[in-house]
1. Does the range 455-477 contain any residue that is part of a helix (DSSP H, G or I), within 16 Å of ligand 2 (Cβ to nearest atom) and crowded, with 21+ Cβ neighbours inside 10 Å?
2. Given the structure, is residue 215 assigned by TED's automatic domain parsing to the domain that holds residue 293 and within 19 Å of residue 121 (Cα to Cα)?
3. Identify, by number, the condition in (1) modelled with pLDDT of 90 or more; (2) over 28 Å from residue 578 (Cα atoms); (3) surrounded by fewer than 18 Cβ atoms within 10 Å (Cβ to Cβ) that residue 493 doesn't meet.
4. Within the range 506-538, which residues are over 30 Å from residue 439 (Cα atoms) and assigned to a loop (DSSP other than H, G, I, E, B)?
5. For the range 329-349, give me each residue that is more than 10 Å from ligand 1 (Cβ to nearest atom) and either loosely packed, with under 13 Cβ neighbours inside 10 Å or closer than 23 Å to residue 109 by Cβ (or both).
6. If I filter the range 532-553 for residues that are buried (at least 17 other Cβ atoms within 10 Å of the Cβ), on the phi > 0 side of the Ramachandran plot and in contact (Cβ under 8 Å) with a residue 12 or more places away in the chain, do I get at least one hit?
7. Look at the range 330-352 and say how many of its residues are more than 16 Å from residue 386 (Cα to Cα) and within 16 Å of ligand 2 (Cβ to nearest atom).
8. Of all residues in the range 356-384, count the ones that are in contact with a strand residue (DSSP E or B) (Cβ under 8 Å, 6 or more places away or on another chain) and surrounded by fewer than 19 Cβ atoms within 10 Å (Cβ to Cβ).
Ligand SMILES: Nc1ncnc2c1ncn2[C@@H]1O[C@H](COP(=O)(O)OP(=O)(O)OP(=O)(O)O)[C@@H](O)[C@H]1O
Ligand SMILES: [Mg+2]
């Protein structure tokens, strides 16, 4: 997108919504311009009537008029600003909500690619820069253009020759500022990239603080983050430096102008072409014009900053893809799932991760996937709720291709217990009912009881209203797992996807979790990635996954005869169970 296209787009999508208020603020800006010009103009009669002609009546009236002019200027400036501050606040809200919305609705692959720190930086800083572009620029542009125009009128009125001399200087100032603006835009982009990296590192340090401590990597992290903090500082200093580079240029130009002007005005007075009262009024107008000229000359810096932020944000907002089948709803009666020659690879992977997978996950039954770590089991599971899109093949639920129906109607029918439990920093109750916000108190407690959560929840300081901390830090591993099972249970969906946690727990907790899982999956279509022997033995059908292919299928006893991989999995689990039994005795 070119800069002009971005500005047009910003106008169409955002500025246009606030035209009424913007118009109002332009009206106040007009009053600022008029009152400022009046101040400059009033010096002419003030000097002529009061100092030269010594007119007593006007000695009172002119100062009063000056006071009024200043009061009007101040008030209208205030009103113009406040009106646009409100617009700015509203605009920032809209932008942040749109970024949030696009993150919520973007696909899993897009989010996988981006570090959360970068997303945070878009949400916080880039939106602010765009808001500044839209509101500040409008205010400054209209107010200062109008004021400059008013003051120029006063200058021409007082003496057109002097005025012509003065405006020669204006283009000089703006040429200098234009190149600065481009430079600022570039440095701002660099600075935002560094700021995103910095946020990413901060987030990682906070999240991984225990690992940092145990490996004594405080110094290492200090150095690593220090580098980015320093980089960020350099960019921030650079921006400010470039921004202020305008000052010496502007000041010198101003000096040049005033010096030249006094010389020129002197010669005009000598030739009787200029009166002293006109000169003072002219000088006042010119001094007052200094600020608008300066602001207008540096305005493009803010514009370039805003445009470079928009270049980062608008693609993010646009990536909010609409589900092409959002009208057609998948109808799930039995919940029979079929994979037909499904192949898949992640955007970043070199080879296919899944290769022509065929699966038949029968309704109401438990189907298990077993296989070595990295074989592709979780990947298979992630395709069912359409977290990722396969290269080839089709997935059918009750004979309907899931790609022809809305994602919402698909996900409504699926519950997921993932390998690493994910909880929210909220109360136990809200964590359970996350899957079903309309669940009644009784339903929540029932789910908690069936998943063996009730027993530990009751012992917590505030029971179901206890806050569990970020991702449930105040809970044990087994408790977290049971809580995520309770949450899945409450959804009462036809299809359950269960990626068993690999971390082994003590035998008693294992048994509780096993019971919880039995309640969760009863009568539902379940696909489980099994790491526990008991789960596999309970399954109606087992698929053995190896390097992205299905290498064997059958029941537990069939596979013991037919599959070596399965046999070795079984023997390892058996040995592990014996260890647990031994350690418990
Ligand atoms: N988001 C991702 N992007 C790129 N590659 C990935 C991604 N997730 C997994 N992989 C790769 O895909 C392969 C299969 O991973 P998957 O998570 O499906 O294994 P798994 O069978 O579930 O293993 P485990 O039993 O250890 O959970 C692995 O080689 C892994 O490196
Ligand atoms: Mg896995």
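1. No; the residues of the range 455-477 include none that is part of a helix (DSSP H, G or I), within 16 Å of ligand 2 (Cβ to nearest atom) and crowded, with 21+ Cβ neighbours inside 10 Å.
2. Here the answer is no, as residue 215 does not meet what is asked.
3. Among (1) modelled with pLDDT of 90 or more; (2) over 28 Å from residue 578 (Cα atoms); (3) surrounded by fewer than 18 Cβ atoms within 10 Å (Cβ to Cβ), the lone unmet condition for residue 493 is (3).
4. 506, 531, 532 - these are the residues of the range 506-538 that are over 30 Å from residue 439 (Cα atoms) and assigned to a loop (DSSP other than H, G, I, E, B).
5. Matches in the range 329-349: 330, 331, 333, 337, 339, 340, 341, 342, 343.
6. Yes, there is a match, as at least one residue in the range 532-553 is buried (at least 17 other Cβ atoms within 10 Å of the Cβ), on the phi > 0 side of the Ramachandran plot and in contact (Cβ under 8 Å) with a residue 12 or more places away in the chain.
7. Adding up the residues that qualify gives 1.
8. Residues meeting the conditions: 9.
The values are calculated or read from the model by the stated rules, or taken from the named source; none is laboratory data. What you are looking at is a predicted structure, and each value in this text was computed from that prediction instead of being measured. All Cβ positions, glycine included, derive from the backbone under ideal geometry; neighbour counts span all protein chains shown.
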